[in-house]
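Colleague: I have a structure I would like to understand better, so I am pasting it below and will then ask my questions one at a time.
The values are calculated or read from the model by the stated rules, or taken from the named source; none is laboratory data. As the structure is a prediction and not an experimental result, all values here were calculated from the model. Please note: Cβ atoms are built from the backbone with ideal geometry, for glycine as well, and neighbour counts cover all protein chains shown.
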Amino acid sequence: MKAMDRRNFLKNAGVSTVGLMAAGSPMIKSALAKNSPNETINVAVMGIRSRGAEHAANYARIPNVNVSVLCDIDQNLLPGVQDEIEKISGKRPRAETDIRRVCEDKDVDVISVASCNHWHALASIWACQAGKDVYVEKPVCHNIWEGRKIVEAARKYDRIVQVGSQNRSGAVVRSAMDFLHQGKLGELYMVVCSIYRSRESIGRGKVAPVPEGVDFDLWLGPAPIRPFIDNRFHYNWHWFWDTGSGETGNNGPHYTDMARWALQKYEHPKFTQSIGGYYAFDCDQETPNTQMSVMQYEDGKIVQLEVRGLYTQSEIGMKFYGSEGWMKLGGGKWETFYGRKDEPGPSMTDEEASKKYDPLNVRGTGGGPHFENFINAVRSRNRKELTAEILEGHLSASMCHLSNIAYRLGRTVVFDPHNEHFIEDEEAESYLSREYRFPFIVPEKV
């Protein structure tokens, strides 16, 4: 189905059941923000196997925040996380499997989305429609069109929507950005992001019975129907296009986000090219384990994103290049170098940055403070207080989606950064969205 045909279909299909209920039914009422710090905010967490369990634990440690619901399609995961939250807070969350029931709960104020990538947008939009504020993990969407729909939903329903780009709440990163924005490296012209992280083979999978306690149809959600395959479920969903975005879309948004922040870019790049492949292992993985992407903005500034999953030095970090010198950021510190001889300049460790740059009472990597920042904005109802508002997340995730589109097409793609369409490229345009499986449809009109 062509992109325009798909959009017409979605428009004609209308909004989801949850969206219709939120729009006009008294069965769902908007969750009221608790403005006073002494009033309790009730949080539901969707997807609790790994990152979601961390979400719940972070919320449970914030004063007057109650983790009231844990939602996961795998019932086997629920008791353990319920036990953990009860130990932290003294209260045991209710267990649910279907996010639609959570949206219907008028006592839930916030939904924190840590499910698979292909669920991020739909869950966030349903939550906004139901009057909930949202924290959504990166990438905020499975495709570019979905990202714009979340932004539209957040604006339409006046919701506070934070993205899980917790580096924005980290002291060392904030101090690095302040340094760069003061022009102390001259004019920035290029940022290089390196994600070298070992990934092993996922092997060859086989069709198997759905594990007891798993709602596989609900797990598939917007993705096409297929049998349960034993190596395409927990975590390995990252490596298949129907449910994930590869390493570029997995860890990439953290770094494209910081690259944009450094360059102070609030638009999409115009030109994107990407090369790579899946090397060494014989397995079912669809996404590349080695990929290099280059994006260029209309003014010529460049962001390079490289991921390696094979045997290489361990390095996850960034380099920022300016007209007078360059900065290396990673490993809990940043360092600068100047001139042809790379003469050392100012540097800062995370410990030093925590003492000097502390506007949000920042500590460590930003995990806890990032959730605290979100809860503070939920109380104030001021989205400008967010360190990673949904529009930022959409722009950063789109850079990774553009990279994957260029990779899958095997050529440079040209994107109009203002209207979010490819320029005279119907083939590339077909990747902007996807065909959705009823009733898990991201609506044209949110």
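Colleague: Which residue pairs have Cβ atoms under 7 Å apart, sit 6 or more places apart or on different chains, and have a first residue in the range 301-312 that is in the same structural domain as ILE275 (by TED's automatic domain parsing) and a second that is of a type in the set (Gly, Ala, Ser) and surrounded by fewer than 23 Cβ atoms within 10 Å (Cβ to Cβ)?
Modeller: Close Cβ pairs (under 7 Å, with a partner that is of a type in the set (Gly, Ala, Ser) and surrounded by fewer than 23 Cβ atoms within 10 Å (Cβ to Cβ)) amount to GLU306/SER194; GLY309/SER198; LEU310/ALA280.
Colleague: Which of the strands (runs of 3 or more DSSP E) found entirely inside the range 77-142 contain at least 3 residues meeting this: surrounded by 24 or more Cβ atoms within 10 Å (Cβ to Cβ) and either touching a strand residue (DSSP E or B) at 6+ places or on another chain (Cβ under 8 Å) or modelled with pLDDT of 95 or more (or both)?
Modeller: Per the criteria, 110-113, 133-136.
Colleague: Sticking with this one: Touching a Pro at 6+ places or on another chain (Cβ under 8 Å) and either surrounded by 15 or more Cβ atoms within 10 Å (Cβ to Cβ) or assigned by TED's automatic domain parsing to the domain that holds ASN76 (or both): is that true of SER165 in this structure?
Modeller: yes
Colleague: Filter the range 267-320 for residues that are assigned to a loop (DSSP other than H, G, I, E, B) and among the aliphatic types (A, V, I, L, M); which is surrounded by the most Cβ atoms within 10 Å (Cβ to Cβ)? If you could, list the steps in order and put the result at the bottom.
Modeller: Our first condition is that a residue be assigned to a loop (DSSP other than H, G, I, E, B); within the range 267-320, this holds for 267-270, 278-289, 297-301, 309-314.
Going one step further and asking which of them are among the aliphatic types (A, V, I, L, M), we end up with 280, 310.
Working: ALA280: 11, LEU310: 14.
Ranking the qualifying residues of the range 267-320, first place goes to LEU310.
Colleague: Among the residues in the range 230-241, are any modelled with pLDDT of 95 or more, touching a Gly at 6+ places or on another chain (Cβ under 8 Å), among the aromatic types (Phe, Trp, Tyr) and buried (at least 22 other Cβ atoms within 10 Å of the Cβ)?
Modeller: Yes - at least one qualifying residue is present in the range 230-241.
Colleague: Hey, among the residues in the range 79-105 that are touching a Pro at 6+ places or on another chain (Cβ under 9 Å) and among the hydrophobic types (A, V, I, L, M, F, W, C), which one's farthest from ALA123 (Cα to Cα)?
Modeller: Applying the filter and picking the extreme gives ILE85.
Colleague: Within the range 43-56, does at least one residue satisfy the condition of being modelled with pLDDT of 95 or more, part of a loop (DSSP other than H, G, I, E, B) and either outside the structural domain of GLY131 (by TED's automatic domain parsing) or more than 22 Å from VAL140 (Cα to Cα) (or both)?
Modeller: Within the range 43-56, none of the residues are modelled with pLDDT of 95 or more, part of a loop (DSSP other than H, G, I, E, B) and either outside the structural domain of GLY131 (by TED's automatic domain parsing) or more than 22 Å from VAL140 (Cα to Cα) (or both).
Colleague: A further question on this structure: Of all residues in the range 406-446, which are part of a helix (DSSP H, G or I) and more than 25 Å from TRP219 (Cβ to Cβ)?
Modeller: ALA406, TYR407, LEU409, GLU426, GLU427, ALA428, GLU429
Colleague: Quick test of your reading of the structure: GLU187 fulfils all but one of (1) within 29 Å of GLN296 (Cα to Cα); (2) more than 18 Å from the chain's Cα centre (by Cα); (3) not assigned by TED's automatic domain parsing to the domain that holds PHE415. Name the failing condition by number.
Modeller: The number of the failed condition is (3).
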